[in-house]
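**Q** Quick one: structure below, then a few questions.
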Amino acid sequence: MLEGTVLSQSMRIPGISNLMENEKIPDDVIFLLTAPSGSGKTMYCRQFFTERLLKGDYCIYISSNLTDKHFASLFSNIEKLKLAENSKFINPLLDNAQSGKETSTVSFSLHSSNKDVTSTNNKLSYTIDQIKNTMDQVKYSKTNNGSILLVIDSLTHLVLLFGESAVLRFIAELVFILKDAGVTAIFASTSTATSEYFTSTLSSIVDGVIEMNITDSKMSLVRSIRLLSFKGLRHNPSWINFKISDDGSLVFEDQSFVFMNCMLCGKEVKGEPIVESDLIFDSQNCVETYRKLAGVFNLRISEIGLPSVVNTDFFYIDIVGLSNPSLSTQKQIEKIEILNKLIGSCDAFSKTPTEKRIVLPTGDGMAIGFFSNPELPLQLSIQLHHKLRNYNRNKKSDEDMIGVRIGLSSGPVFIVNDINNSQNVWGPGIILARRVMDVGDNLHILLADRLAEELIALKDDYRVTIKYLCDYQIKHGQTIKLFNAYCEEFGNSNLPARIVDHVSKNNSTLSI
């Protein structure tokens, strides 16, 4: 800790009294501020910087897209002498020779080479040195109270210039230095401009994540903010609205009389709320239901209305190997987009009326529920395999090919409306389809017993192509009869690796 550091009671983050139940947070806290463009993150950083500087803190502002002149303009509300004496502006693009001098242009290359990598490392390393030197000077200075805060606005621009890997290494080293010195910091990032891996990695490094949002409502922009996560301390995860006044300051709504509603059932929370995944619930039953929904959809489901139950036939698919770290984010997105187009071009999908099906994106694939015909999931699988075979035929490398695994099942599900008033489903039918898919490898079309037996009884063709594999125990000790659909034109006749391992571990035999 720096000598003379002010205790956390006086440490203020804009809107903190609305976002947390206890303001006595550590004085070396580091936040990631993530927000879409136009939501006000730069003004949030400006207010954070301004308030602390005027209260006697020393403030370091890092930006790769500002000049000294732009920095002074951004903080024109602060007396020039005070700004000069109690703050430090650093632009990582300025190298050793340029440091401290204003430049009108900076040349860099977006195409990486050994020379570019060396230059990147030098620039970011020198930025670290500048920060350390500044903190050392503040430590022995008597012109301020000894507390330091640091702002980076924005990480997104740094990523554009230097790449995600270099910026992550820079932040990891910087966080260690800031923690050791007891520095408060905010790192701002545009939520829509970086990869999920970049954001999740940053979230694990920092102490908390502040999330901002902007919506267009009745010809006006509504800005809101919430504390998405904070390690070790209780907080209020609800969204609160704020406005940016004419002078650029942020005004947060008074939340004293705001009632909290359960994010699942919508009922008013009476008494102590239950907080799970940064959402508020009124009962443990709602928490358990939410966990099941989140486990299926891999996203937050909230404000669910009264569900109805229907029997649905499911097609569940994901791309094999999409999470391989050797694949670039661009390649991952490209594969997802191509798969979506191929599925959309299949007759089983395109010729089924929209009111007779439901589509649920799952990140690296999708789940499609059909309400009218048990043949459609298998027909879609077969048609997609034909299209994938044609697509992959002329690809020169495995990286360019698309491999998928598919799970099919049928069963009852709840029809629910999510926060965007879009239909979603949850229940045994879709859960089982996902469990079945998880057993498979590339090109497997695996079926749960109920749908397989229904199809086998329906047509002679299915008697030939749908073959019983084994009784297999899935999650929670449930055992199902597992079937595999294949022939020369589609599917995978090999045993899934999980089944082979299962047989090997149990010293049993498998008859097909």
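The values are calculated or read from the model by the stated rules, or taken from the named source; none is laboratory data. Quantities reported herein were computed from a predicted structural model and do not represent experimental measurements. We place every Cβ from the backbone using ideal geometry, glycine too, and count neighbours over all the protein chains shown.
**Q** Output the qualifying pairs, or none if there are none: Cβ atoms under 6 angstrom, residues six or more apart or on different chains, first residue in the range 340-356 and over 9 Å from Q383 (Cβ atoms) and assigned by TED's automatic domain parsing to the domain that holds S381, second residue outside any helix (DSSP H, G or I) and of a type outside the set (F, W, Y).
**A** K356/S372
**Q** So which pairs qualify, if the first residue must be in the range 77-92 and more than 21 Å from I131 (Cα to Cα), the second must be polar (S, T, N, Q), the Cβ gap must be under 8 Å, and the two must be at least 6 apart or on different chains?
**A** N77/T50; I78/T50
**Q** Among (1) under 18 Å from L451 (Cα atoms); (2) in a helix (DSSP H, G or I); (3) not aliphatic (A, V, I, L, M), there is one condition Y316 misses while meeting the rest; what is its number?
**A** Result: Y316 fails condition (2) only.
**Q** Among the residues that make up the range 330-337, is at least one of them acidic (D, E), surrounded by 14 or more Cβ atoms within 10 Å (Cβ to Cβ) and in a helix (DSSP H, G or I)?
**A** Yes, the range 330-337 has at least one match.
**Q** Right, here's the next one. Does S350 meet the test of being more than 26 Å from K481 (Cβ to Cβ), of a type in the set (G, A, S) and at pLDDT 90 or above?
**A** yes
Conditions (1) surrounded by fewer than 18 Cβ atoms within 10 Å (Cβ to Cβ); (2) within 21 Å of L53 (Cβ to Cβ); (3) over 19 Å from the mean Cα position of the chain (by Cα), marked per residue:
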{"site": "I148", "(1), (2), (3)": "no, yes, yes"}
{"site": "L161", "(1), (2), (3)": "no, no, yes"}
{"site": "A166", "(1), (2), (3)": "no, no, yes"}
{"site": "F170", "(1), (2), (3)": "no, no, yes"}
{"site": "V175", "(1), (2), (3)": "no, no, yes"}
{"site": "K179", "(1), (2), (3)": "yes, no, yes"}
{"site": "T184", "(1), (2), (3)": "no, yes, yes"}
{"site": "A188", "(1), (2), (3)": "no, yes, no"}
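**Q** Could you say which residue among S410, S381 is in a strand (DSSP E or B) and closer than 30 Å to I456 by Cβ?
**A** S410
**Q** Now, a different point. Quick one: in the range 131-145, of everything that is in contact with a helix residue (DSSP H, G or I) (Cβ under 7 Å, 6 or more places away or on another chain) and at pLDDT below 90, which residue is surrounded by the fewest Cβ atoms within 10 Å (Cβ to Cβ)?
**A** Out of the qualifying residues, it is T143.
**Q** Sticking with this one: Just to be sure I understand the filter: pairs with C-beta atoms under 7 Å, separated by 6 or more residues or on different chains, first member in the range 200-211 and assigned by TED's automatic domain parsing to the domain that holds F176, second member of a type in the set (K, R) and surrounded by 14 or more Cβ atoms within 10 Å (Cβ to Cβ). Which pairs pass?
**A** As it stands, the answer is E211/R226, since those pairs meet every condition given.
**Q** Of a type in the set (A, V, I, L, M), surrounded by 13 or more Cβ atoms within 10 Å (Cβ to Cβ), assigned by TED's automatic domain parsing to the domain that holds Y462 and farther than 14 Å from F315 by Cβ: does that describe M366?
**A** No.
**Q** Do we find that I480 is more than 18 Å from S381 (Cα to Cα) and assigned by TED's automatic domain parsing to the domain that holds V404 in this structure?
**A** yes
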